[in-house]
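Visitor: Sharing a structure here in structure tokens format.
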Amino acid sequence: MLSLLLPLACKDPEMAAVHARSESYEAKIAEGRTAIAAHQPERAARSFREAANLRTEEIEPLLLLAEAYRVAGNEGPAILALKEAEAISPGNDPTIQKQMADLYRRGGHTEQAIATLVVLRDNQQLTDPELLALARLQARNASLDEAFKSLEPIQKARPDDADAKVVEAEILLLKGEELLAARLMDRLITENPGLMEARMLRVRYFLNSGFTAEAEQDLLTLAKEDAARPEVILLHARILNRLERPAEADALLSKLVAAEPTSVEALAMLAETKLLLGQNKEAQGLVDKVLRLRSRFPRALYVRARALEAQGDKDGAVENYSYALSSDPRFAPALSRMWRIHRDAGHKMEAMASLEKIHFIGEASLEEKVALAQMYAESKIHLERGRKLIDEALAREPGNPDYVSIKAALTDAMPKKKKAKGPIILRGGR
């Protein structure tokens, strides 16, 4: 009898240890989730790492660890955590690949993000919303044909899919087909008055095209519940600042910050608004708060750069604009300042590169499109693209002498058709 009990007695400590490890693992996962909810990503990362060490065969804590690093703004360690998970999970796990693509995108590695998503697309592992996001990303990276290819599965299955049509309109805008895009946006909004994506696209189009009052008017037609959405409030504040009504933007953003005190987007936009109001001390305090929450948040770094530029510290401003762009290479406000700084310093190629980035992400103002067309004319490159840009400006102001001059320069630089050489042989009878 004793001999039968001995194996059980030996197993009890082992089972107890396994049970203890399991409880500790679950406790660490719960601890990490609590820290994330409390906006403490560094603390969450420590808990998830401890959980990963307790169960080295599990990928869940590594995925959570990557997310914690992402929230903290540490894209490099986040990608390493995902690669660690990838080594555990055989094959190309779509969940890991999608998270990896998101981190690549957030870290400014757009080509790698697109490449990862294209493999998933070709393996039919992307949902419709993910296909739409990929198409947008490709379009903003100047891969317009590939963007249309990503839309194909949705449009073949449902030719009138409204969400796909919104993305199509965005691609058309980036392609320079402004009239077609405008007609499509108008039709979508007429047929689907509640389609937020179409409305927001048209508002941004008005804003970037210099029709700021029209952008606000379009935004004011939204239903009350839609107008209360954070992304709408942020866009409205941006419009109000452009209309030189920062006090109204301040009132809107202050309410949003009161409701969402840890929203880095709202805090950073409020900091920018405070700067426009001349409240530099308050702006700096908000910037510091944002950078404590998200150490490399681009708009906060941009606001700091604007403050330094206003104080005459151009080197400090360039440094902070560069920090903002290292965090997000597609951050249009910083690009918009940098191309002007490059131009004023005589660095034409750098100025052109910044302008091209703004254009390809669909954030270029009319002034910036004209400036880019002029640079193309002067450097005699991308002449056809330059013609489209200046034609868009001429459609607004047909008699503008500067625009006419740029178009003439672009036309003169175009390759001329070669005339046929040699004798002309006339065929036919007498």
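The values are calculated or read from the model by the stated rules, or taken from the named source; none is laboratory data. Small disclaimer: the values here were computed from a predicted structure and weren't measured. Cβ atoms come from the backbone with ideal geometry, glycine included; neighbour counts cover every protein chain shown. Only protein heavy atoms, including side chains, enter the accessible area calculation; ligands, DNA and RNA are left aside. Shrake-Rupley method; radii C 1.70, N 1.55, O 1.52, S 1.80 Å.
Visitor: Tell me what the chain gives for mean residue ellipticity at 222 nm when only DSSP H runs of n ≥ 4 count, each as -39,500 (n - 2.57), the sum divided by the residue total, rounded to 500 deg cm²/dmol.
Guide: After summing the helix terms and dividing by residue count, I get -24500 deg cm²/dmol.
Visitor: Which pairs, out of Lys255/Lys281; Lys274/Lys314; Lys175/Lys314; Lys348/Lys388, put more than 25 Å between their alpha-carbon atoms? Display every interim value, and only then the final one.
Guide: Values: Lys255/Lys281 20 Å; Lys274/Lys314 21 Å; Lys175/Lys314 35 Å; Lys348/Lys388 21 Å.
Going by Cα-Cα distance, Lys175/Lys314 fall outside the 25 Å limit.
Visitor: Considering all alpha-carbon pairs of segment 94-179, what whole percent are spaced by more than 18 angstrom? Provide the component values of the computation, followed by the final result.
Guide: Details: 1444 of 3655 pairs.
Beyond 18 Å sits 40 percent of the P(r) for segment 94-179.
Visitor: Let me have the relative contact order for the chain, percent, based on Cα pairs under 8 Å that are six or more residues apart. Intermediate results must be reported in sequence, preceding the final value.
Guide: Working: 496 pairs, mean separation 34.9, N = 430.
With pairs under 8 Å counted, the relative contact order is 8 percent.
Visitor: Find the accessible area per residue for segment 218-335; the probe is 1.4 Å, ligands and nucleic acids are left out, and the unit is Å². Intermediate results must be reported in sequence, preceding the final value.
Guide: Numbers: 5620 Å² over 118 residues.
Averaged over the residues of segment 218-335, the accessible area is 48 Å².
Visitor: Assign unit charges at the C-beta atoms only (+1 for Lys and Arg, -1 for Asp and Glu), then state the dipole size of the chain relative to its Cα centre in Debye, rounded to the nearest 20. Walk me through the numbers before you get to the answer.
Guide: Numbers: 62 positive and 65 negative charges, 370 e Å.
About 1780 debye.
Visitor: Moving to a separate point now. Out of (1) 1.06; (2) 0.97; (3) 1.24, which label holds the value of Cα Rg over 2.2 N^0.38 Å that was computed here?
Guide: So the structure-derived entry is (3).
Visitor: Count charges around Ala223 for me, please; just the other residues with Cβ under 15 Å from its Cβ, Lys/Arg as +1, Asp/Glu as -1.
Guide: Working: positive: Arg199, Lys224, Arg229; negative: Glu197, Asp218, Glu225, Asp226, Glu231.
Cβ neighbours under 15 Å give a net charge of -2.
Visitor: With unit charges on the beta carbons (Lys and Arg positive, Asp and Glu negative) and the dipole taken about the Cα centre of segment 205-352, which residue among Gly278, Ser322, Trp339 sits farthest to the positive side?
Guide: Sorting the options by dipole projection puts first Ser322.
Visitor: Placing +1 on the Cβ of each Lys and Arg and -1 on the Cβ of each Asp and Glu in the chain, which of Asn192, Ile29, Ala81 has its Cα farthest towards the positive end of the resulting dipole?
Guide: Asn192
Visitor: With +1 on the Cβ of every Lys and Arg and -1 on the Cβ of every Asp and Glu, and nothing else charged, how large is the dipole of segment 70-175 about its Cα centre, in debye rounded to the nearest 20?
Guide: Roughly 180 debye, rounded to the nearest 20.
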